[in-house]
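Here's the structure, in structure tokens; my notes come after.
Each reported figure results from applying straightforward, stated rules to the coordinates on display, with no laboratory input. Note that the structure is a prediction, hence the values are computed from the model and not measured. Neighbour counts are summed over all protein chains in view; Cβ atoms, including those assigned to glycine, are modelled from backbone coordinates with ideal geometry.
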Number of protein chains: 2
Amino acid sequence: MKVSMYALSAQVFVNTLGNLCWVLEKGGNNAAQRKIDPSVLLGARLAPDMLPLTRQVQIACDIAKNSVARLAALEPPRFEDNETSIEQLRTRIARTIDFLEGVPVSALDGAETRDIKVPAGERTLEFKGLDFLQRWAIPNVFFHVTTAYNILRHNGVDLGKRDFIAGGRDA
Amino acid sequence: MKVSMYALSAQVFVNTLGNLCWVLEKGGNNAAQRKIDPSVLLGARLAPDMLPLTRQVQIACDIAKNSVARLAALEPPRFEDNETSIEQLRTRIARTIDFLEGVPVSALDGAETRDIKVPAGERTLEFKGLDFLQRWAIPNVFFHVTTAYNILRHNGVDLGKRDFIAGGRDA
């Protein structure tokens, strides 16, 4: 027996995005306690030439939905990139999870050998589906989810790895 | 057709650890150019109560090798946690990759339903193999690899996402 492409793409992304939603909620609560304007956290960066928290969350959602859509040969929903609050970012995550959960498992049957093209600036990256998932989609989603966590952590929000791994549950 | 547990565990970890090796090399070169003692970078943290770069790299290696070993019901190699230089950390990564590449693909046949126990402080977490890979092993490895990258990035090393995703290659 082997495992489905759905299990290692959509299900993995639903799990980590759900935890990101929890991490953002803790960030919002912490800002309220410390009387910090949440927009300060949303605009925070780990380096002047890195993207701020809002963009990290938006991109995590986009790569998750667009990657699964590519693997399933479906059209992903488009979001406006107009979120200005933690609550709106959490709604974007919820909409992304809704899309991922609505993709039929069967739509990813055979996706491991599908030809995938990803626009990247002036280049177009080409992969087979499994390679795309291993080397591009999974690392990319976790890059942005972890960086979002690290931005909040760096700004003093009381988070621990359990929040990242299990949304504060026991795992 | 479906995909093997090996492809979504060992191969994914070999890829991201190889990129981490490249990221560390760039960190070392950057420290030399800026005349920064590399131990400053190795001890750098994103928050006072987060682990420094050295520990992030050690733990990324440990979770990768221990997770695949658990899935394969093999004994993983033990490392001493005594690295004091970037070169030594890169050697640890290389030894981890050697182990992962040496695990027979067939050792993970059926690993998706294997019972996995993970000691976590005073608790023991229990998973089925697929759930362990989706919710624990993959997120955990990427958490530490991304945090290592973010520590260097936060300290002014000239890294971009292409370094993280593809070790500076075109992807």
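Quick one: 3J(HN,Hα) in Hz for the stretch A:149-165, Karplus 6.51/-1.76/1.60 with θ = phi - 60°, rounded, Gly and Pro as x.
Per residue, the Karplus-derived 3J(HN,Hα) values read 4, 5, 4, 5, 4, 5, 9, x, 6, 7, 10, x, 4, 4, 5, 5, 7 Hz.
Among A:16, A:124, which comes first, second and so on when ranked by fewest other beta-carbon atoms within 10 Å?
Taking fewest neighbouring Cβ atoms as first place, the list is A:124, A:16.
Mind giving me the nanometre distance, one decimal, between the label points for residue A:162 and residue A:126, set 7 Å out from Cα along Cα→Cβ?
Label-label distance for residue A:162 and residue A:126, simple model: 4.9 nm.
Could you list the residues of the stretch A:107-134 with an amide nitrogen less than 16 Å from a label point located 7 Å from the Cα of residue A:74 in the Cα-to-C-beta direction?
Within reach of a label on residue A:74, which here means backbone N under 16 Å from a point 7 Å along Cα→Cβ, the stretch A:107-134 contributes A:107-112.
How far is the Cα center of the stretch B:14-34 from the Cα center of the stretch B:59-107, in Å?
The distance from the Cα centre of the stretch B:14-34 to that of the stretch B:59-107 comes to 18 Å.
Over all residues in B:2-11, what is the mean tally of Cβ atoms on other chains that come within 10 Å of each residue's Cβ?
Counting Cβ atoms of other protein chains within 10 Å of each residue's Cβ and averaging gives 6.
Could you give the distance between the Cα centres of the stretch A:111-134 and the stretch A:145-171, to the whole Å?
Distance between centres, Cα-based: 30 Å.
Can you list, largest first and rounded to whole Å, the semi-axes you get for the stretch B:45-155 by taking the square root of 5 times each eigenvalue of its Cα gyration tensor?
After scaling each eigenvalue by five and taking roots: 26, 17, 12 Å.
Which parts of the stretch B:133-171 would a label at residue B:94 reach, counting a residue when its backbone N lies under 20 Å from a point 7 Å out along Cα-to-Cβ?
What the label zone holds, given the 20 Å backbone N cut-off, is B:167-169.
Can you tell me which lysines have their Cα less than 22 Å from the Cα of residue B:26? Leave out same-chain residues fewer than eight positions away.
Cross-link targets: B:35, B:161.
Output, in nm with one decimal and in ascending order, the distances from the residue B:119 label point to the matching label points of the other copies (7 Å from Cα along Cα-to-Cβ).
5.2
Report, for residue A:73, each distance to the same residue's label point in the other copies, shortest first and in nm; define the point 7 Å along Cα→Cβ.
In ascending order, 3.9 nm.
Going by how many other beta carbons lie within 10 Å of each one, how would you line up A:143, A:99, fewest first?
Fewest-to-most Cβ neighbours within 10 Å comes out as A:99, A:143.
Based on the alpha-carbon gyration tensor of the protein assembly as shown and its eigenvalue square roots a ≥ b ≥ c, which shape applies: rounded if a/c is under 1.5, prolate if not and a/b is larger than b/c, or oblate?
Taking the square roots of the gyration eigenvalues as a ≥ b ≥ c, the protein assembly as shown is rounded.
Taking H placed 1.01 Å from N in the peptide plane, check which residues at least 5 places from residue B:120 or on another chain put their amide H under 5 Å from its amide H.
B:125
Ratio of Rg to Rh for the stretch B:84-142, alpha carbon only, Kirkwood?
Here Rg/Rh amounts to 1.06.
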